[in-house]
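The next block holds one structure in the form of structure tokens; read it before the comments.
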Amino acid sequence: MIDNDTLNRREFIRLSSYLAIGLALPSTLQAANQPIYKTIPKSGEQIPVIGMGTSRTFEARNDPVLLAQLQQVMQTFFDQGGGMIDSSPMYGSAQQVIGTLLPMIKGEKNLFSATKVWIDGQQAGIEQMASSRQQWGIERFDLMQIHNLVDWQSHLETLNQMKTEGKIRYTGITTSHGRYHNQLISILKKHAFDFLQLTYNINEPEVESQLLPLAQEQGIAVIINRPYQRGSLFRHTKGKTLPPWASEFDCTSWGQFFLKFVISHPAVTCAIPATTKAKHMIDNMQAGKGRLPNQKQREMMRSYFKSL
Ligand SMILES: NC(=O)c1ccc[n+]([C@@H]2O[C@H](COP(=O)([O-])OP(=O)(O)OC[C@H]3O[C@@H](n4cnc5c(N)ncnc54)[C@H](OP(=O)(O)O)[C@@H]3O)[C@@H](O)[C@H]2O)c1
């Protein structure tokens, strides 16, 4: 029996919405309610392990129905203790949509703003970053990443300068889909970055061999994009039940299974799943609570997924 008087507003909303969509409450409710934070190695700052991506999902400027739906998604994200929102000028109207929705959020907002520079030319990059700030409606970004290595030499100089001047807090570089790994390895060995963003999921584990160990060794925080392989992981699990031992790490859905696999890697700082649905946001945020699988359980997850 849950005594609502003992729950704060955020937890009450979280649990109510959890029940409303019919997800089973985890048996270890107490432990499962604690959000997991991980440390940014270069600063010691802690951030929640589940963030939010905005590619495609937030490209909704001319769609009032989707916009209202995304307001709920963002509200749920912050209500459940979310922090990092990741975007890019590459994502159509996503940054404008973020800027429209942020002021509409009720209650506490623990925003960690992350976007990217994605253009050739140093001056063009400076102008693009200024435009992104305007679109989000914020004075500075917490994290500015070089998107897909585009003109990285020019932008790295700018980002380091901006960081020195306090115009951003962290620098980063991104890739995805397994691209540019060798190039990234040589860049990271020569140049200092605070964050690395790349693709890692139970079906695409390639970064485990070199990039994740390198990031760990160099104290670079790691953001995981495409943790659901843009949703395609769910095709493998359609109609399949979770293994009974998933409850040993407070996992009650396939979404949580995939995210807990990713965030339990010791080199990973956070994952940024994207969604257009509040019920999926609740599910995603639940993955960042309770126990995480240990090494032995991670291997069981891998084998189980392969057997599906
Ligand atoms: N190079 C780069 O820098 C780069 C590249 C790729 C991605 N990214 C970043 O990483 C973010 C995440 O990657 P992504 O958007 O490609 O893919 P993703 O997060 O792996 O998958 C998104 C898909 O999963 C579905 N989904 C989300 N939560 C779910 C749940 N709990 N249950 C069932 N389905 C769920 C969503 O559909 P619904 O809308 O129906 O929930 C959506 O179709 C991007 O949005 C972007 O911010 C960066």
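Here's the list of lysines a cross-link from Lys163 could span, going by alpha-carbon distance under 24 Å and ignoring same-chain residues fewer than 8 apart: Lys38, Lys42, Lys109, Lys116, Lys189, Lys190. Ellipsoid semi-axes for region 38-307, based on the Cα gyration tensor and the rule √(5λ), read 29, 23, 16 Å when sorted largest first. The distance between label points at Gln216 and Lys163 comes to 2.2 nm (points 7 Å beyond Cα on the Cα→Cβ vector).
Annotation: amide H of Met84 within the under-5 Å range of Met52, Phe112, sequence separation 5 or more or interchain, hydrogens built in the peptide plane.
Listed highest first by mean packing, meaning other Cβ atoms within 10 Å per residue, what order do 105-117, 82-94 come in?
Peptide ranking by packing, descending: 82-94, 105-117.
With 0.36 nm allotted per residue and the present C-alpha distance subtracted, the Lys189-Glu206 stretch has 4.2 nm of extension available.
What the phi angles of region 276-287 give under the Karplus curve with 6.51, -1.76 and 1.60, with θ = phi - 60°, is a coupling list of 9, 10, 4, 5, 6, 4, 4, 4, 4, 5, 5, 5 Hz, glycine and proline written as x.
When ranked by the protection proxy of mean other Cβ atoms within 10 Å per residue, highest first, what sequence do the peptides 286-292, 121-127 form? Can you show the working numbers first?
Details: 286-292: 23.6, 121-127: 14.9.
Peptide ranking by packing, descending: 286-292, 121-127.
For the chain, averaging the sequence separation of C-alpha pairs within contact (under 8 Å, six or more residues apart) and dividing by the residue count gives a relative contact order of 22 percent.
Using R₀ = 30 Å, calculate the FRET efficiency as 1/(1 + (r/R₀)^6) where r is the Cβ-Cβ separation of Asn110 and Arg61; round to 0.05. Step by step, r from the Cβ atoms, then E = 0.75.
The simple Förster model, with R0 at 41 Å and r as the Cβ-Cβ distance, assigns Gln71 and Ser131 a FRET efficiency of 0.95.
A short reminder: the numbers here are calculations on the coordinates, not readings from a lab. Just so it is clear, the structure is predicted and the values come from calculations on it, not from any experiment. With ideal geometry, Cβ positions are generated from the backbone for all residues, glycine too; neighbour counts draw on all protein chains shown.
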